[in-house]
1. At 222 nm, what value in deg cm²/dmol follows for chain A if DSSP H runs of at least 4 each add -39500 (n - 2.57) and the sum is divided by all its residues, to the nearest 500?
2. What's the center-to-center distance, using Cα atoms, between the range A:148-173 and the range A:337-374 in Å?
3. Arranged from highest to lowest average of other beta-carbon atoms within 10 Å per residue, in what order do the peptides A:337-347, A:15-25 appear?
4. If you find the alpha carbon centre of the range A:213-244 and of the range A:82-107, how far apart are they in angstrom?
5. R0 = 41 Å: FRET efficiency of residue A:178 with residue A:257, Cβ-based, nearest 0.05?
6. Could you check the spin-label model distance between residue B:127 and residue B:41? Points 7 Å from the Cα along Cα→Cβ, value in nm.
7. Exposure proxy check: A:1, B:23 ranked by fewest other beta carbons within 10 Å?
8. Gap in Å between the Cα centre of the range B:54-69 and the Cα centre of the range A:386-430?
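Only the coordinates and a few stated rules stand behind these numbers; no lab work does. What you see is a predicted model; the values in this text were computed from it and never measured. Counting neighbours? That spans all protein chains shown, and the Cβs are built from the backbone with ideal geometry, glycine included.
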């Protein structure tokens, strides 16, 4: 019986000839990523070693990544002290994949991992962040876990009691119309599947649209797979994966494409044609409350946010800058831009995008997660409405339960910044 | 036996259970104060110890969706509440099991705030309405972690079975 790509990855990582959905395995972990919540991981890690007579030493420091992104630079003493503790732990154990608060090497974890070539096709990646699903874009099985589970990985080097998830095959066909792209596709999919439609399942992406999609776009669809509940999204490795890893991530060692078998068993198949897809909006307060932009056009906005691990990459900023070039952000609306990494920030600076944003009246912020989850800058006032290229619109997500968040693509966000209301970029946001 | 102290709808996110702005607080001893923080009245009742340990939070489908923040599970655990939900999001379920939070999957549960619930073998009994609802057992692989008292002792045991590094 054939295997899906995740069944194959888990078989290899568990040293088994094969696995199938429902099997329980203990896969070796290739990369274990944490951010500020590394503070809790360290605490739980020390708990595991308590009264064992053994020194708490991680199984393999070269496979641990620690990246500061949620509250950078620290917004208060508690975060700063957490940063200090994690920094000390990284130094003590020689953790080289440590990305401190820096303009050169810093950034959002889900951008740093691909950018630095830390993720490879066929890898098992775990992260103490639900959007760890992102790294399926490079053909890895990558999923979010809690801090205690991460502490267990640090101690043992394996993920314990992992049930091999069933897979939903998503086949995407057609060419995106102008101003429609990966974000609209994944919002459309989440709307179809619902917020729990893929709970405990993998979304494996196929089809000509995915083949033609850049790694940047694949990161968007895998990133938000978790919003349908998915354990992971995954795009089996192909030429584009190899191009990205070689030319953008500087990977020189052999790349092993792990692919699903032709006779793999899928739980179900979802087919989507994007050729007539419209720009999509996720309305408050669930990500599966998805509507075509026309149905919510005209909604007044006090804040626009472009950035995050979902849509803070160079092509996202380029799409927004193209629309905002020579235009102004509407009075009464504020616009925040936060590139996903220091590298992207520098590239956007060089390309002139940041200047375009600033001349339009947007505030360009340092790379980080802050506004997306209401933990650091960009909070909303009572009754305010935001439109964001981020990934969640839960009640209170942007720091205030009395506000509303709508989600969209960079093109819709930019077109709407000019008008101050939700605007279809096809209808003259240009 | 315990009272239903909070009845929730579907897709209750971990942002609802433990808002992001308190995420710099990580220790299980400190997180309970922010449990359901933005449900102001309920949070106040929790923090003033007006809610008895063993009380029930009852939710519809997809409880605990969203962020992997473990604080959401540790905050509820700290108040010793039971959670009965029609279905539970994956990461939250795993976090709850790892920390020893009492979590019951009960796809047909019907209960209102104030109802008395009792946990029995394979079912939840609503003493107030007299109705019974079948529960879904956790997969055996997860039950092993619960039986060990959580993931910390479970991992410790595994660690001690290996030679020291």
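1. Numbers: 14 runs with 128 residues, N = 430.
Theoretical 222 nm ellipticity from helices: -8500 deg cm²/dmol.
2. 33
3. Details: A:337-347: 24.5, A:15-25: 14.7.
Going by the mean number of other Cβ atoms within 10 Å, highest first, we get A:337-347, A:15-25.
4. Centre-to-centre (Cα) distance: 27 Å.
5. Working from the Cβ atoms, E equals 0.80.
6. Distance between the two pseudo-spin positions: 2.5 nm.
7. Numbers: A:1 9, B:23 28.
If I rank by nearby Cβ atoms, fewest first, I get A:1, B:23.
8. Each part reduced to its Cα centre gives a spacing of 27 Å.
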